[in-house]
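Note sheet for the following structure.
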Number of protein chains: 2
Amino acid sequence: MHMLAFICDSVLGLVSYPPLFKDPSIPADAKKRARDILDGCKGGSVGSYSDSAGIEVIRRHAAEYIQRRDGGIPADWQNIILSAGASGGIKVLMALLRCPIDGKKPGVMIPIPQYPLYSATIAEFDMEQIGYYLDEANKWGLDIAELERSLNEARKTSAPRILVVINPGNPTGQVLSRSNIEDIIKFAQRERLVLFADEVYQDNVYETGSKFHSFKKVMMEMGEPYSKMELCSFMSCSKGYMGECGIRGGYAEIVNLCPDVRTMLLKCISAQLCPTTAGQAVLDCVVNPPQKGEPSYEQFEKEKEAVLESLRERAELVARTFNSIEGFSCNPVQGAMYAFPQIRLPPKALEAAKNEGKPADTFYAFQLLEETGICIVPGSGFGQRPGTYHFRTTILPQPEKLKEMLGLFKSFHEKFLQKYK
Amino acid sequence: MHMLAFICDSVLGLVSYPPLFKDPSIPADAKKRARDILDGCKGGSVGSYSDSAGIEVIRRHAAEYIQRRDGGIPADWQNIILSAGASGGIKVLMALLRCPIDGKKPGVMIPIPQYPLYSATIAEFDMEQIGYYLDEANKWGLDIAELERSLNEARKTSAPRILVVINPGNPTGQVLSRSNIEDIIKFAQRERLVLFADEVYQDNVYETGSKFHSFKKVMMEMGEPYSKMELCSFMSCSKGYMGECGIRGGYAEIVNLCPDVRTMLLKCISAQLCPTTAGQAVLDCVVNPPQKGEPSYEQFEKEKEAVLESLRERAELVARTFNSIEGFSCNPVQGAMYAFPQIRLPPKALEAAKNEGKPADTFYAFQLLEETGICIVPGSGFGQRPGTYHFRTTILPQPEKLKEMLGLFKSFHEKFLQKYK
């Protein structure tokens, strides 16, 4: 593992290999966490199946985490479903709502640009993808008029059911303002849509003045009828300051779900037996982090702050550098782990791309890769307004590598402009 | 973990918590295995995403395992897809074949009785379930005439695509003979069905004279056209002598899959990122067990043999005891982990069940549970011929508990017969 070695690694090590409990170099609170997890496992072992919704003590910790995060607004542990990363939860919840309605495909509203899990899952489940464009001119915020336009358009052929919002945004890096979230909630309530809040980057907020507001908290504080809306919120241990991707830990909090649907959900997940107990154990470290006074607290806080501070610097560096390149414009990376700059390509480059039968952003990305070894993902993989070109790049490389990469990128682009001017 | 503590636990402990490499009490071959896995991980850490099909070195070990198992018949590591238990692989492969054909639902032939993952997945994917009855009078073997009957019946309304065979059987405990497997392969070839061989109990064969034959080996040895058939075989680390259920490790070997379908498969699994690296690591211990001459070999073999020998004794004990109870008849438990006895219930019991609105086997199971605390699963959960009653019970409890359970069961049944005679 790479981050938070201290707590995630030792807890997973302990639950996997119990003789490690005798190791005096592992702090008592890590052992206490591992012991609590093992006590919650059947037969005291992570080798046993857990309940399909996950180990009860970890679900309870997740509920307590949400309650702390949301300033005391209650979270019920029975509304927490543990999953293999956030993806596992998103897929199982989306599957529940996939049945055609009056012969029409159920529609899922997703941002454009979007994270491709959504388009892939919608296609797999034979649902209707309803794209709404994010407002690039407004830091990739959600424009309610655009939501309405895309919904009305989609209603002609499908039965819209779900509104997906990714906040902080992937690939766009925006952090939604509280008032924007309120407007989105009002829209979803008015249009009777189930809200899917993809909040896996909730710890990754960098820009001064930006703050993460959970949809659950805002919805509850708005009172009825909003506080009675159906909401699914997703979280993962793959992002944040943890970056524990491979182990596959995550949860979904399902709020106000119709009891019959909820029963069906529990039945559906039981066919898959259980999410990996190792992923559950690592998620426990995320939702039950060391507290003040515990032996691991200081090292944990130090590691966490160092990771987040460094990401903050890199977020600023990346956006600033891209904005200094001719023909690039990049919104601030307010949160998450990516920049999604727009790039204006000269007409000759567009023509050359056309001749090669490639979208212009893909054409550009291939040349960049071949000449510099830098790999970016063309905007067409995420969706973008027709006639515009973007790419996604991550802020994850270590600062020195990132600086080197940005330097290479800049000189490549100058040569590219020269070539196609 | 409960079984094979020695190898699975230490390898998972090592890859999770690398300082453990310094522990002199862990044998060198366990450390070598953990090191090879970490070297195969991006950034040398199980905290990173792996390829969607799994870590290459583990896929290679799985292919070598299959090749050893099948007496040298080649297995290509690129045909191995690692998954979250066998269930993950079964679902993703079944999803590939779910599209309607000429407006007809694609059909999946499954044994009755069957393991409920299949009926649940078929329902979830809106496919057609085509049940074929196993031949209880012939040790739960597959009768080709019955396969033909069910297929012809199903062809009237659906487009059959897949033939699922569970060998050794769950819940029925049979181990298919080689000639039965040959007949099944010929049937599938004739009828152009994709074979799904659920072979998760391949290590669990108890009865003298019974032997596990993989569908792959038999198919390849039969030569063309059979050796060119599409086959998916599934394996798990949750069964066998390992019993590592919660960690979720498994693989699918896909043989002769049409290249376009294969490309689509790899695209589909990429949306889910990767199977848990912890499950992959534990699967590696299963497909790459200690070899003669390695320090862990003797303890590993001792543990493995002890587990399998004890299961063998329990398999025999359970079938023998059930056959000694009035009104019970139980096929030999040739393999897997379950007995599925038939029970003849007196007419008054059938009537009492009817009055309570319960299937008679469920009625019986509830009374057994309430009076003795013994939990069995009624046959109606797995499917059975109309008018017959069965239940599934496992051979997994430790021998002393099992004997006590069987004693309680017998006296309950005598009282039950008394009550409803």
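Looking across segment B:221-254, the residues that are among the small types (Gly, Ala, Ser), closer than 22 Å to B:GLU64 by Cβ and away from chain A (no Cβ under 14 Å) come down to B:SER227, B:SER233, B:ALA252. Of everything in segment B:24-46 that's crowded, with 17+ Cβ neighbours inside 10 Å, free of Cβ contacts under 8 Å to residues at least 24 places away in the same chain and facing chain A (nearest Cβ under 9 Å), which residue is farthest from B:GLN280 (Cα to Cα)? Ranking the candidates gives B:ILE26 first.
If you check A:GLU244, A:GLU224, which single one turns out to be over 30 Å from B:LEU12 (Cβ atoms) and part of a loop (DSSP other than H, G, I, E, B)?
Selected residue: A:GLU224, the only one of A:GLU244, A:GLU224 that is over 30 Å from B:LEU12 (Cβ atoms) and part of a loop (DSSP other than H, G, I, E, B).
Annotation note: of A:ARG320, A:ARG314, the sole residue that is crowded, with 17+ Cβ neighbours inside 10 Å, of a type in the set (Lys, Arg) and not in a strand (DSSP E or B) is A:ARG314.
Looking at segment A:253-272, is at least one residue closer than 30 Å to A:GLY209 by Cβ, touching a residue at least 24 places away in the same chain (Cβ under 8 Å), outside any helix (DSSP H, G or I) and of a type in the set (D, E, K, R)? Yes, segment A:253-272 has at least one match. The one condition from (1) part of a helix (DSSP H, G or I); (2) free of Cβ contacts under 8 Å to residues at least 40 places away in the same chain; (3) within 20 Å of B:GLY47 (Cβ to Cβ); (4) over 23 Å from the mean Cα position of the chain (by Cα) that A:ASP9 does not meet is (4). Kindly indicate whether any position in segment B:208-220 is part of a strand (DSSP E or B), in the same structural domain as B:SER87 (by the TED database) and within 19 Å of B:PRO289 (Cβ to Cβ). No; the residues of segment B:208-220 include none that is part of a strand (DSSP E or B), in the same structural domain as B:SER87 (by the TED database) and within 19 Å of B:PRO289 (Cβ to Cβ). Would you confirm, using the coordinates I've provided, whether A:GLY47 is closer than 19 Å to A:THR276 by Cβ and assigned to a helix (DSSP H, G or I)? Here the answer is no, as A:GLY47 does not meet what is asked. Within segment A:221-229, the presence of at least one residue that is touching a strand residue (DSSP E or B) at 6+ places or on another chain (Cβ under 8 Å) and over 25 Å from A:GLU301 (Cβ atoms) is confirmed. Looking across segment B:152-173, just one residue is among the aliphatic types (A, V, I, L, M) and touching an Asp or Glu at 6+ places or on another chain (Cβ under 6 Å), and that is B:ILE166.
Here the condition is being buried (at least 17 other Cβ atoms within 10 Å of the Cβ), assigned by the TED database to the domain that holds A:THR277 and among the small types (Gly, Ala, Ser); of A:ALA137, A:ALA123, A:ALA145, A:ALA154, it holds for A:ALA154 alone.
Here is a yes/no grid of residues against (1) within 15 Å of the chain's Cα centre (by Cα); (2) modelled with pLDDT of 95 or more; (3) not in a helix (DSSP H, G or I); (4) not assigned by the TED database to the domain that holds A:ILE90:
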{"site": "A:SER179", "(1), (2), (3), (4)": "no, yes, no, no"}
{"site": "A:ILE184", "(1), (2), (3), (4)": "no, yes, no, no"}
{"site": "A:SER233", "(1), (2), (3), (4)": "yes, yes, yes, no"}
{"site": "A:SER238", "(1), (2), (3), (4)": "yes, no, yes, no"}
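Counting only residues that are among the aliphatic types (A, V, I, L, M) and in contact with a Ser or Thr (Cβ under 8 Å, 6 or more places away or on another chain), segment A:298-335 holds 1 of them. Test of understanding: among A:LEU257, A:LEU193, which residue is surrounded by 22 or more Cβ atoms within 10 Å (Cβ to Cβ), more than 14 Å from every other protein chain (Cβ to nearest Cβ), farther than 25 Å from A:GLU309 by Cβ and of a type in the set (A, V, I, L, M, F, W, C)? Exactly one of A:LEU257, A:LEU193 is surrounded by 22 or more Cβ atoms within 10 Å (Cβ to Cβ), more than 14 Å from every other protein chain (Cβ to nearest Cβ), farther than 25 Å from A:GLU309 by Cβ and of a type in the set (A, V, I, L, M, F, W, C), namely A:LEU193. When B:GLN272, B:GLN280 are screened for being within 24 Å of the chain's Cα centre (by Cα), in the same structural domain as B:VAL175 (by the TED database) and at pLDDT below 90, only B:GLN272 passes.
Of all residues in segment A:205-259, count the ones that are within 30 Å of B:GLY246 (Cα to Cα) and among the hydroxyl-bearing types (Ser, Thr, Tyr).
Qualifying residue count for the region: 5.
Being at positive phi and free of Cβ contacts under 8 Å to residues at least 40 places away in the same chain, is that true of even one residue in segment B:150-170? The answer is no; no qualifying residue exists.
The values are calculated or read from the model by the stated rules, or taken from the named source; none is laboratory data. All values derive from a computational prediction rather than experimental measurement. Here Cβ is always computed from backbone atoms with ideal geometry, including for glycine, and neighbour counts include all displayed protein chains.
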